[in-house]
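**Q** Structure in structure tokens, see below.
The values are calculated or read from the model by the stated rules, or taken from the named source; none is laboratory data. Computed from a predicted structure; not experimentally measured. Backbone-built Cβ (ideal geometry, glycine too); neighbour counts: all protein chains shown.
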Amino acid sequence: MKKVSILALHLGYGGIEKCICVLANLLCTRYQVEIASCYKLLEEPAFHLDERVKVIYLNDDIKPNREAFKEAVRRKHPIDILKEGSYSLKVLHRRKKSMCDYIKNCNSDVIISTRDIFNYWTCSYARDGVIKIGWEHNHYHKSIRYATNMINSAKNLDYFVLVSSDLQKFYSEKLANNKVMCIYIPNAIDSIPKKLSSLKEKRLISVGRLSPEKGFIDLLKVYNILIQEYPDWSLDIIGDGVEREKLEDYIKRHSLDKVTLHGFQGKEYIDDVLDKSSIYVMTSFTESFGIVLLEAMSHGVPCIAYDSAEGAREIITSGDNGFLIKNRNIDAMVLKIKNLIENEKLRKNVGKAARESINKYTSEVVGEEWFTLIEESDIYE
């Protein structure tokens with residue numbers, strides 16, 4: 001049986017971390033799978049892992065202090081800046097040493113790297129004969145600096161897996177003169193519910209990390225306009241993050257009594273709320289893939305997103321299985337939500353098309369693409 005190692009920064013809350021767990025659960029049905037995690041942020045991984053997946057925490061006594069360091073800088077407190085800065089250097093040193101030591105001593109047949117820095121270390125320290133796969137989840141968002149760094153990190157990999165066809169095309173062109181082969185494999189939805197939403201409840205929903213790039217303040221602005229005409233419609237926001245206090249303040253100032261911030265919740269909880277929802281709204285500025293859209297679509301819930309979210313453009317065919325709003329036009333977003341609120345038949349038709357369109361993202365289909373890459377990599381040569 002082949003052995004596969006997946007290199008992770010941590011197994012806490014986050015999109016990449018969820019994808020790592022989903023992939024590990026897929027691969028362990030055929031291979032021996034091990035996750036090497038730099039940090040242990042939680043007692044147990046935030047997302048479900050099959051008991052056959054082995055987790056190794058390379059550092060269980062230290063944690064990154066990025067937010068504490070940023071706060072010290074913001075407050076311009078010299079002693080705290082020195083203290084947090086010194087600790088940060090220690091953490092980064094331990095991160096590099098522990099991961100490089102793991103890669104050097106790794107006896108796996110395949111190493112899957114999930115960060116640019118891991119790509120560099122894998123290429124430098126993996127033993128001969130190991131299949132080196134980089135797995136990129138983020139979009140470069142027109143940042144030449146980000147893209148250049150990612151390109152340099154991937155040059156000496158065997159394969160570079162991208163989660164969208166646009167990214168696969170972009171990196172294939174940039175890496176054409178290097179040995180690495182760029183492959184498109186989308187992220188997988190780990191399960192498809194048997195029960196669909198009735199789409200009769202007067203509830204909007206959005207799921208994601210409460211951070212600036214997810215645009216939840218814009219979502220509240222959209223909702224604040226909608227409730228002037230549809231005061232009986234509620235909004236559920238599931239997730240947690242640095243902008244929670246800012247969102248709470250906006251909700252309080254505008255008396256948005258029917259907005260519920262649920263915090264971070266597990267899959268069963270999210271599925272239950274999706275089952276009671278009628279419209280999913282995404283207001284992200286950027287979104288590399290948008291697995292939350294797939295989860296909503298799997299429940300037959302029609303989705304609307306700003307087209308600035310690249311991942312939404314990958315998944316939604318506007319007017320068919322969902323809607324994309326151009327130029328972050330708030331009036332157009334409000335109007336489209338109104339159309340769906342007032343037209344139950346439209347909600348059901350779009351929701352049905354959404355459900356049908358997720359078949360290519362199932363764990364079975366995506367799993368086979370990974371199995372093919374690992375087992376029959378020569379077909380890509």
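**Q** Could you tell me how many of the residues in the range 143-166 are part of a loop (DSSP other than H, G, I, E, B) and touching a strand residue (DSSP E or B) at 6+ places or on another chain (Cβ under 8 Å)? Quick ask: steps written out before the conclusion?
**A** If we filter the range 143-166 for residues that are part of a loop (DSSP other than H, G, I, E, B), which is where we start, we get 143, 155-158, 163-164.
With touching a strand residue (DSSP E or B) at 6+ places or on another chain (Cβ under 8 Å) added as a condition, the list becomes 156-158, 163-164.
Number satisfying all stated conditions: 5.
**Q** Exactly one of (1) over 19 Å from residue 16 (Cα atoms); (2) in contact with a Cys (Cβ under 6 Å, 6 or more places away or on another chain); (3) crowded, with 17+ Cβ neighbours inside 10 Å is unmet by residue 172. Its number?
**A** Among (1) over 19 Å from residue 16 (Cα atoms); (2) in contact with a Cys (Cβ under 6 Å, 6 or more places away or on another chain); (3) crowded, with 17+ Cβ neighbours inside 10 Å, residue 172 violates only (3).
**Q** Give the range 116-131 a look and list any residue that's buried (at least 22 other Cβ atoms within 10 Å of the Cβ) and among the basic types (Lys, Arg), or say none.
**A** Once the filter is applied, which keeps residues that are buried (at least 22 other Cβ atoms within 10 Å of the Cβ) and among the basic types (Lys, Arg), the range 116-131 yields nothing.
**Q** Report whether or not residue 40 is in contact with a Ser or Thr (Cβ under 7 Å, 6 or more places away or on another chain), over 17 Å from residue 188 (Cβ atoms) and basic (Lys, Arg).
**A** When the stated conditions are applied, residue 40 does not pass them.
**Q** Exactly one of (1) among the hydrophobic types (A, V, I, L, M, F, W, C); (2) over 14 Å from residue 8 (Cα atoms); (3) at pLDDT below 95 is unmet by residue 123. Its number?
**A** (3)
**Q** Quick one: which helices (runs of 4 or more DSSP H) sit completely within the range 277-376 and have at least 3 residues that are at negative phi and at pLDDT 95 or above?
**A** Ranges flagged: 291-298, 330-342, 344-357, 363-375.
**Q** If we scan the range 322-332, do we find a residue that is assigned by TED's automatic domain parsing to the domain that holds residue 244, within 24 Å of residue 193 (Cα to Cα), more than 16 Å from the chain's Cα centre (by Cα) and among the aliphatic types (A, V, I, L, M)? Outline the logic, then answer.
**A** If we filter the range 322-332 for residues that are assigned by TED's automatic domain parsing to the domain that holds residue 244, which is where we start, we get 322-332.
Filter again for within 24 Å of residue 193 (Cα to Cα), leaving 322-323.
With the extra rule that they be more than 16 Å from the chain's Cα centre (by Cα), the set shrinks to 322-323.
Imposing the further condition that a residue be among the aliphatic types (A, V, I, L, M) reduces the set to none.
Within the range 322-332, not a single residue is assigned by TED's automatic domain parsing to the domain that holds residue 244, within 24 Å of residue 193 (Cα to Cα), more than 16 Å from the chain's Cα centre (by Cα) and among the aliphatic types (A, V, I, L, M).
**Q** Examine the range 31-51 for a residue that is farther than 21 Å from residue 121 by Cα and of a type in the set (Lys, Arg), and state whether such a residue exists.
**A** no
**Q** Hey, any hits in the range 32-40 for a residue that's of a type in the set (Gly, Ala, Ser), in contact with a strand residue (DSSP E or B) (Cβ under 7 Å, 6 or more places away or on another chain) and in contact (Cβ under 8 Å) with a residue 60 or more places away in the chain?
**A** yes
**Q** Given the structure, is residue 160 in contact with a Gly (Cβ under 7 Å, 6 or more places away or on another chain) and aromatic (Phe, Trp, Tyr)?
**A** Yes: the conditions hold for residue 160.
**Q** Right, here's the next one. For residues in the range 167-186 being part of a strand (DSSP E or B) and free of Cβ contacts under 8 Å to residues at least 60 places away in the same chain, which is nearest to residue 286 (Cα to Cα)?
**A** Only one residue fits best here, namely 184.
**Q** In the list 151, 103, 144, 117, which residue meets the criterion of being closer than 23 Å to residue 26 by Cβ and either not β-branched (Val, Ile, Thr) or not assigned by TED's automatic domain parsing to the domain that holds residue 261 (or both)?
**A** Going through 151, 103, 144, 117 in turn, just one is closer than 23 Å to residue 26 by Cβ and either not β-branched (Val, Ile, Thr) or not assigned by TED's automatic domain parsing to the domain that holds residue 261 (or both): 103.
**Q** Show the residue pairs meeting these rules: Cβ distance below 8 Å; 6+ apart or different chains; first residue within the range 7-22 and more than 14 Å from residue 135 (Cα to Cα); second residue outside any helix (DSSP H, G or I) and among the polar types (S, T, N, Q).
**A** 10/37; 11/37
**Q** Go through 284, 288 for me and flag whichever is among the small types (Gly, Ala, Ser), crowded, with 21+ Cβ neighbours inside 10 Å, touching a Lys or Arg at 6+ places or on another chain (Cβ under 8 Å) and not assigned by TED's automatic domain parsing to the domain that holds residue 162.
**A** Going through 284, 288 in turn, the sole match is 284.
**Q** Restricting to the range 241-261, name every residue that is over 16 Å from residue 226 (Cα atoms), part of a loop (DSSP other than H, G, I, E, B) and without any contact (Cβ under 8 Å) to a residue 40 or more places away in the chain.
**A** Matches in the range 241-261: 241, 243.
**Q** Give the residues of the range 136-166 that are without any contact (Cβ under 8 Å) to a residue 60 or more places away in the chain, under 22 Å from the mean Cα position of the chain (by Cα) and surrounded by 15 or more Cβ atoms within 10 Å (Cβ to Cβ), sorted by residue number.
**A** Within the range 136-166, 136, 140, 147, 149, 150, 151, 153, 154, 160, 162 meet the criteria.
**Q** Further, regarding this structure: Need at least 2 residues that are at negative phi and at pLDDT 90 or above per element, so show me which helices (runs of 4 or more DSSP H) inside the range 1-110 make the cut, counting only ones lying wholly within it. So that I can check it myself, show each step before the final result.
**A** Values: elements: 15-27, 66-75, 78-105.
Answer list for the range 1-110: 15-27, 78-105.
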